[in-house]
Amino acid sequence: MTITMARKKKRKTYILVLDGDDPERELEFELDFQLSLSAAERYEMMDRLVNDGLEFIQRNGYKNTPAILARS
């Protein structure tokens, strides 16, 4: 009888630390991070974000945008 154990993939943590607001450096950091991932990892991340958003909507209830009605 053999026992196999799945290994968890080690993930690196990327943190950008800036003294002030710098949109160009933030964009450069985000692009570098996304390019460091494989296509499968990017899709996995996107799928996780979509699922989290759907869970949030279900948990908090979906609110319809109020409509403007014209009275005559």
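The slack between Glu26 and Tyr43, meaning 0.36 nm per residue of separation minus the straight C-alpha distance, is 4.0 nm.
Give me the extension gain from Phe33 to Asp19: residue separation times 0.36 nm, minus the current Cα-Cα distance, reported in nm with one decimal. Numbers along the way, then the final one.
Details: separation 14, 0.36 × 14 = 5.04 nm, distance 2.00 nm.
Roughly 3.0 nm would be gained on extension.
FYI, it's all coordinate maths here, none of it is from the lab. The shown structure was predicted, so the numbers you read here are calculated from the model rather than taken from an experiment.
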